Amino acid sequence: MADSASLLFNPRTYDPEHFDPETRRLLRATVDWFEARGKRRLIEDYRSRAWLGDFLDFAAREGLFATFLTPASAAGKDDQRWDTARIAALNEIFGFYGLDYWYAWQVTILGLGPVWQSDNTEARARAAELLAQGEVFAFGLSEKTHGADIYSTDMLLTPDGEGGFRASGSKYYIGNGNAAGLVSVFGRRTDVEGPDGYVFFAADSRHEAYRLVKNVVDSSKYVSEFRLADYPVAPADILHTGRAAFDAALNTVNVGKFNLCTASIGICEHAMYEAVTHASNRILYGRPVTAFPHVRRELTDAYVRLVGMKLFSDRAVDYFRSAGPDDRRYLLFNPMTKMKVTTEGEKVIDLMWDVIAAKGFEKDNYFAQAAVEIRGLPKLEGTVHVNLALILKFMRNHLLNPVDHPAVPTRLDAADDAFLFQQGPARGLGSVRFHDWRTAFDAYAEVPNVARFREQADALCTFVETAAPDEEQSRDLDLLLAVGQLFALVVHGQLILEQARLTGLDEELLDELFAVLVRDFSAHAVELHGKDSATEDQQTWALGAVRRPVVDAVRSTRIWERVEALSGAYEMGQ
């Protein structure tokens, strides 16, 4: 049986022995750099909105970004590859110490996406060299007027008569736009109508025709507005044209938005050490705060939700790494990590904040930073609503039409995830097929709350078959999103159970976690019942899907003891 601390990232004991030696060295070196920097400096840099120059210098010296973000097809060293498992591990570390550091890395990943998908060998070689030099990258997609609506881009490229273009227009909310050695910019030609006119090209933020306007957020994250004024785009700068440019944009987001889940996990882990330590040592009315039953319940719920976040995300990595033209299940699990795991992170922080109250505002704590930063992750790379709507496209096939797929193993091998840059056309989501979700639940049929949740999941299948939204309701996004939340819980539970089986997670912890999921499903069912356009049949179904978790006081007490053991398990040095 794993203890509570072993399930969470702890810099004091961290040794990622499941990775190859160079990956282990780089991950540990990153942890050591932050620990040596200390909590006081970390918080002061966050408060003063200091640019991350020291961190980027460290990353350049170690070859961190070059090692982790150069695919094997462009690699200059043996250890360079695009390995989603170790990328996820680094996301968690960055989130643990501060989202500003993660963000500089995340938008570098996005900026590289169109390059690594490109057939432009010169641009690929240039990107690999820039990475080797320690440069960061940027993804120039969104605009002030249109947001990420790429159909309406106002970045215009006028042919120059020599095979290239002159680009003019602005981009808004572009991370690293102040310092990127290469910015992947999306625009459209002035001489070609429709999707055939799309272009992705590489720009340099140091060019005189690249005009940095400002940082649009009050943060160390440099989220820029920039303008191109008659910027020369040579043939060697063109990454994609036509529909391929459109696909590159969406496929890049497919790769990049996965990173939000593990960043959220890191934030919650650091905040949990602080919250439990504070609550355990604070005396109120003559007793430790943790003596109060409601405090124990809130901290226990926060802990098991965090464990669930980790289990789901770790298992989703396996599907990402095993994806291919005939297995695109990752296209469901990806928006799930983006939407479900990050919103779980918000709940985890809120539960702990209810316990530590005013302490969560104090400037000398990491928690005050975590409480702000955790809000951003559900809102980046597509809102919760956008990703819920995407998830719904898979619901019928996932729940009702399973097919045989080869079993996907745990993927911690030192392999290059080449398919992520060969995803092809960004369409056909309705044709993606899945293995039978029931298998994961059958393996834990004897666990009381897994069985109770299975009743709710089976009820959702009945809903889809007998009371699904009709054609008119299908235009009511408010109603559909409530249905999406119910479906998301089933998928969430499925991958948690798969990972639990692969890692030997003890059933007592799993039972406590599924008690929370049973309550969540019931709450979303009640929400569906109250929707304006819900039919009488849908209302009846919704109330019939409400379940009470199986209560076991002994089990809950033992899980609480694991949470309590986190007190003092880690505190960042000053």
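The values are calculated or read from the model by the stated rules, or taken from the named source; none is laboratory data. Owing to the predicted nature of the structure, the values given are computational and were not obtained by experimental measurement. Cβ sites come from the backbone with ideal geometry, for glycine too, and all protein chains shown count toward neighbours. For accessibility, only protein heavy atoms count, side chains too; no ligands or nucleic acids. Shrake-Rupley method; radii C 1.70, N 1.55, O 1.52, S 1.80 Å.
Suppose the chain between A565 and H18 were pulled fully straight at 0.36 nm per residue; how much longer would it get relative to their current alpha carbon spacing?
Stretched fully, the A565-H18 segment lengthens by 194.4 nm.
Give the average over all directions of the projected area of the C-alpha convex hull of the range 345-411, one decimal, in nm².
7.8
For the range 400-546, which whole-number percentage of the solvent-accessible area (1.4 Å probe, protein heavy atoms only) is attributable to carbon and sulfur atoms?
50
Please report Rg (one decimal) and Dmax (integer) in Å for the Cα set of the chain.
Calculated on Cα positions, Rg and Dmax stand at 23.9, 81 Å.
Suppose each label sits 7 Å from its Cα in the direction of the beta carbon; what would the D354-A553 distance come out to in nanometres?
Output for this residue pair reads 2.2 nm.
Can you list residues whose amide H is under 5 Å from F434's amide H, if they're 5+ apart or on another chain and H is modeled 1.01 Å from N?
V403
How large a share of the accessible area of the range 78-178, in percent, is made up of carbon and sulfur atoms when the probe is 1.4 Å and the other protein chains stay in place?
Details: 1420 of 3220 Å².
Answer for the range 78-178 is 44 percent, counting heavy atoms of protein chains only.
How many nm separate the modelled label positions at S431 and A445, each set 7 Å beyond the Cα in the direction of the Cβ?
3.6
Could you tally up the Lys pairs in the range 258-417 with alpha carbons closer than 23 Å? Skip any pair fewer than 8 positions apart unless they're on separate chains.
Total qualifying Lys-Lys pairs in the range 258-417 comes to 13.
For a Förster distance of 41 Å, can you work out the FRET efficiency between the beta-carbons of Q539 and D32, rounded to the nearest 0.05?
After rounding to 0.05, the efficiency reads 0.10.
To the nearest 20 debye, what charge dipole does the range 66-134 have about its Cα centre, counting +1 at the Cβ of each Lys and Arg and -1 at the Cβ of each Asp and Glu?
40
So between R438 and L477, what do we pick up on full extension, going 0.36 nm a residue minus the alpha carbon distance?
Details: separation 39, 0.36 × 39 = 14.04 nm, distance 2.80 nm.
Additional length available on full extension: 11.2 nm.
Using the Cβ atoms and a cut-off under 13 Å, what net charge is assigned to the surroundings of S205, where Lys and Arg are +1 and Asp and Glu are -1?
0
Once the Cα atoms of the range 446-569 are picked out, what are the Rg and Dmax in Å?
Radius of gyration, then largest Cα-Cα span, for the range 446-569: 16.8, 56 Å.
At a Förster distance of 41 Å, what's the computed FRET efficiency of F292 paired with E507, Cβ-Cβ distance as r, to 0.05?
It comes to 0.90.
So what are the radius of gyration and Dmax for the Cα set of the range 1-117, in Å?
Radius of gyration, then largest Cα-Cα span, for the range 1-117: 14.9, 45 Å.
For the range 57-106, compute the orientation-averaged projected area of the C-alpha convex hull (one quarter of its surface), in nm².
Quarter of the Cα hull surface area: 3.5 nm².
Does the range 440-505 come out rounded, prolate or oblate, given a ≥ b ≥ c as the square roots of the eigenvalues of its C-alpha gyration tensor, rounded meaning a/c under 1.5 and, failing that, prolate meaning a/b above b/c?
Cα axes put the range 440-505 in the prolate bin.
Given a cut-off of under 8 Å on Cα pairs at least six residues apart, what relative contact order in percent is computed for the range 100-139?
Taking the mean separation of contacting Cα pairs over the length of the range 100-139, I get 59 percent.
Rounded, prolate or oblate: pick one for the range 223-338, where a ≥ b ≥ c are the square roots of the eigenvalues of its C-alpha gyration tensor, a/c under 1.5 means rounded, and failing that, prolate if a/b is larger than b/c, else oblate.
oblate
Please compute the contact order of the range 445-534 in relative form: average sequence separation of alpha-carbon pairs under 8 Å and at least six residues apart, divided by the residue count, as a percent.
Relative contact order comes out at 49 percent.
State, as an integer percentage, the relative contact order of the range 43-193 based on alpha-carbon contacts under 8 Å between residues 6 or more apart.
So the answer I get is 22 percent.
In units of 2.2 N^0.38 Å, what is the alpha-carbon radius of gyration of the range 147-216?
Numbers: Rg = 12.4 Å, N = 70, 2.2 N^0.38 = 11.1 Å.
Its radius of gyration relative to the 2.2 N^0.38 Å reference: 1.12.
What does the net charge come to around G266 if you take all other residues with beta carbon closer than 11 Å to its beta carbon, with K and R at +1 and D and E at -1? Working shown, then result.
Values: positive: K310; negative: E92, E269, E373.
Here the charged neighbours net out to -2.
T121 to D218: extension gain in nm, 0.36 nm per residue of separation minus the Cα-Cα distance?
Stretched fully, the T121-D218 segment lengthens by 31.1 nm.
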